[in-house]
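The values are calculated or read from the model by the stated rules, or taken from the named source; none is laboratory data. Quick caveat: nothing in here was measured; it's all calculated off a predicted structure. Because the Cβ atoms are built from the backbone with ideal geometry, glycine has one as well, and the counts that use them run over all protein chains shown. What goes into the accessible areas is simple: the full protein's heavy atoms, side chains included, and nothing from ligands, DNA or RNA. Shrake-Rupley method; radii C 1.70, N 1.55, O 1.52, S 1.80 Å.
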Amino acid sequence: MTATAETGDADLVRWSPIVGDLNYEVSDTGCVRSLPRRITTSHGVIRRVPGGLLKPRVVKSGHLIVSISDKRIRYVHALVLTAFVGPAPEGMECRHKDDQPTNNHLSNLEWGTRSQNMYDRVRNGIHPAANKTVCKWSHRLVAPNLDPSELRRRGRTCLACRQAHSRRSYMRTKGVEIDLKSTADAYYAELMSA
């Protein structure tokens, strides 16, 4: 592992070889570069290939990818973690602590479970359920109108609507059809007045 200055200032960037391909290195800031090398062409000619920084592409999920040897596509965050921390433990995936998929600085990355990744999204306010303030029938998603079983799973679901759905299912077994919205509204009024 070598350290070089990224700019003229005192901040040093650490570089480490990419696991499985020693012709490339990744930095602790999320940059990927190829190293100068000599290759033999299909015609037997030895050619010098200069090194340089690779330009990452953004994929649909917002993560950065690079194409290395033999056009293999690799996620930059996985390259950083594997090079500086080690391979992913069984059942673990990369976590961007700030949930910014383009921030591949080593200090922002760590191996974690899928559940930890989802908790990060809730904590950072980007999980769809974390931003919901009302249900589809405009019932406010505040206590006491939050389903306790969903709260334990870090979700936010309207308790009045869940109760109305349960009531409708029960009434259908009796051969009676009820209006779901008015039943949910009645449950909501009862919950919020308590």
Out of the residues in region 90-114 meeting the condition of being open to solvent by less than 60 Å² (accessible area, probe 1.4 Å) and without any contact (Cβ under 8 Å) to a residue 24 or more places away in the chain, tell me which one is farthest from residue 22 (Cα to Cα). 113
Enumerated strands (runs of 3 or more DSSP E) restricted to region 18-66, each holding at least 1 residues that are hydrophobic (A, V, I, L, M, F, W, C) and surrounded by 11 or more Cβ atoms within 10 Å (Cβ to Cβ): 21-27, 32-34, 46-49
Let me confirm something: among 172, 156, which residue is more than 16 Å from residue 189 (Cα to Cα), more than 28 Å from the chain's Cα centre (by Cα) and open to solvent by 60 Å² or more (accessible area, probe 1.4 Å)? 172
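Results for (1) surrounded by fewer than 16 Cβ atoms within 10 Å (Cβ to Cβ); (2) at pLDDT 85 or above; (3) touching a helix residue (DSSP H, G or I) at 6+ places or on another chain (Cβ under 9 Å), shown as yes or no for each residue.
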{"site": "120", "(1), (2), (3)": "no, no, no"}
{"site": "123", "(1), (2), (3)": "yes, no, yes"}
{"site": "129", "(1), (2), (3)": "yes, no, yes"}
{"site": "145", "(1), (2), (3)": "no, yes, yes"}
{"site": "148", "(1), (2), (3)": "yes, yes, yes"}
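Consider region 175-194. How many of its residues are free of Cβ contacts under 8 Å to residues at least 40 places away in the same chain and crowded, with 18+ Cβ neighbours inside 10 Å?
So the first thing to find is which residues in region 175-194 are free of Cβ contacts under 8 Å to residues at least 40 places away in the same chain, and the list is 175-180, 182-183, 186-187, 189-190, 193.
From the residues that got through so far, the ones that are crowded, with 18+ Cβ neighbours inside 10 Å too are 183, 187.
The qualifying residues number 2.
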Within region 79-130, how many residues turn out to be touching a strand residue (DSSP E or B) at 6+ places or on another chain (Cβ under 8 Å), closer than 18 Å to residue 155 by Cβ and of a type outside the set (Lys, Arg)? 4
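May I ask you to verify whether residue 122 is in a helix (DSSP H, G or I) and closer than 30 Å to residue 165 by Cβ?
Numbers: in a helix (DSSP H, G or I): yes; closer than 30 Å to residue 165 by Cβ: yes.
The answer is yes for residue 122.
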Run residue 138 past the list (1) open to solvent by 50 Å² or more (accessible area, probe 1.4 Å); (2) closer than 18 Å to residue 25 by Cβ; (3) of a type in the set (Ser, Thr, Tyr) and report the number of the one that doesn't hold. (2)
